[in-house]
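Enquirer: Structure below; questions to follow.
The numbers here are math on the coordinates, done by the rules we state, and not lab data. This is a predicted model, so every value here is computed, not measured.
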């Protein structure tokens with residue numbers, strides 16, 4: 001029993017150290033909505049915008065990136081190589097799991113809703129009649145692979 005507790009303590013310390021390496025700050029940072037500079041997100045179909053608040057999603061570090069989707073917008077089925085946590089911070093978002101878009105299988109996520117997905121988990125999202133902003137966070141390197149390669153906007 002004692003060896004088990006020692007092992008658990010060591011794992012906890014190692015995990016804490018790894019998390020600290022993925023999240024480094026040298027000073028407090030404040031992000032105000034009216035000061036954000038949104039840019040086109042080339043990884044999503046045309047119309048989506050993104051802001052990088054913290055970290056670099058292409059590197060092995062923690063990142064936080066809000067993403068803005070216009071009304072009646074859809075991101076086809078895709079996966080990511082890392083886990084992600086998505087929080088609805090404005091509007092609402094439909095989300096479903098699976099490799100083929102099917103709006104009948106979705107769940108409406110309203111303001112304040114959060115979902116977490118494991119790496120390589122096929123899913124898709126869409127908006128209806130309002131603009132939606134979600135905050136995406138995880139530990140990179142992040143990427144996106146569309147289930148149907150023809151859906152990938154980077155290839156168009």
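Enquirer: Can you bin the range 32-80 into rounded, prolate or oblate? Criterion: square roots of the alpha carbon gyration tensor eigenvalues sorted a ≥ b ≥ c, rounded for a/c under 1.5, prolate for a/b above b/c, oblate for the rest.
Expert: Oblate.
Enquirer: Normalised by the number of residues in the range 58-109, what is the relative contact order in percent for Cα pairs under 8 Å and 6+ residues apart?
Expert: 29
Enquirer: What angle, in degrees between 0 and 90 and rounded to the nearest 10, separates the Cα long axis of helix 2-22 from the longest principal axis of the Cα atoms of the chain?
Expert: Compared with the principal axis, the helix lies near 50 degrees.
Enquirer: Please report how far the C-alpha centroid of the range 47-64 lies from that of the range 88-119, rounded to the nearest whole angstrom.
Expert: What the calculation gives is 20 Å, centre to centre.
Enquirer: Which of rounded, prolate, oblate describes the range 102-151, given a ≥ b ≥ c as roots of the alpha-carbon gyration tensor eigenvalues and a/c under 1.5 marking rounded, otherwise prolate only if a/b is larger than b/c?
Expert: oblate
Enquirer: Rule-of-thumb check for the chain: C-alpha Rg over 2.2 N^0.38 Å?
Expert: Taking N as the residue count of the chain, the ratio is 1.17.
Enquirer: In percent, what relative contact order does the range 28-155 have, based on Cα pairs under 8 Å that are 6 or more apart in sequence?
Expert: Across the range 28-155, relative contact order equals 33 percent.
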